[in-house]
Amino acid sequence: GENVEQHPSTLSVQEGDSAVIKCTYSDSASNYFPWYKQELGKGPQLIIDIRSNVGEKKDQRIAVTLNKTAKHFSLHITETQPEDSAVYFCAENTGNQFYFGTGTSLTVIP
Amino acid sequence: NAGVTQTPKFRILKIGQSMTLQCTQDMNHNYMYWYRQDPGMGLKLIYYSVGAGITDKGEVPNGYNVSRSTTEDFPLRLELAAPSQTSVYFCAGWGAGELFFGEGSRLTVL
């Protein structure tokens, strides 16, 4: 469960466009995949999560997809707004532990 | 509920000094975690606890110690501060299917 890769490390989009962040993991026992948003000077906050028995989950403008066979999951933000600018982290949970990706700094240009 | 509270928010230490980062939570979480966050490296697990009196090492425990005498408190101790411990430290509690983070403690070792 220690290896979570996240891409891209930085992402700039025009306001109103979509943003996609991708993560891959290596532990086939992982069963819970949360996404966190971290604003400057703050702690990460959960924005959406998905469990291994579900392929896709949507909450308003954000959605997460999971492909367990390929061991990857993605965050999709549609109709981006300036307040979406932040660092986003994916994570996977195995047992008692969470392992995090290295983060994506998203900038939404007005 | 205050959630997860960390103190201090900022601290500068000299090499070789000791200090304790405090973390307290009022959400009755059994599981608590300490992470460090370095630029471009995501969040790395230092130590975690599954309940009062029980602690275990994470990915990067060297140079740190923890204790968990009560459910509420999970302090992180640095005995001999080194420049490599310059980082932002986050405490988190896991409950109701979500990892709740504190606001972070920025530590600089000079």
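The values are calculated or read from the model by the stated rules, or taken from the named source; none is laboratory data. All values derive from a computational prediction rather than experimental measurement. Counting neighbours? That spans all protein chains shown, and the Cβs are built from the backbone with ideal geometry, glycine included.
Restricting attention to the stretch B:85-109, the residues that are surrounded by fewer than 19 Cβ atoms within 10 Å (Cβ to Cβ), modelled with pLDDT under 95 and of a type outside the set (D, E) add up to 3.
Across the stretch A:87-110, which residue is nearest to A:L46 (Cα to Cα) among those that are away from chain B (no Cβ under 14 Å) and surrounded by 19 or more Cβ atoms within 10 Å (Cβ to Cβ)?
A:L106
How many of the residues making up the stretch B:38-50 are at pLDDT 95 or above and either more than 9 Å from chain A (Cβ to nearest Cβ) or over 14 Å from A:Q97 (Cβ atoms) (or both)? Going through the stretch B:38-50 one residue at a time, the tally reaches 3. The residue of the stretch A:18-39 that is surrounded by the most Cβ atoms within 10 Å (Cβ to Cβ), among those that are over 15 Å from A:F100 (Cα atoms) and touching a strand residue (DSSP E or B) at 6+ places or on another chain (Cβ under 8 Å), is A:A19. Would you call B:T24 away from chain A (no Cβ under 12 Å), over 28 Å from A:K37 (Cβ atoms), of a type in the set (S, T, N, Q) and within 12 Å of the chain's Cα centre (by Cα)? Criteria not met by B:T24.
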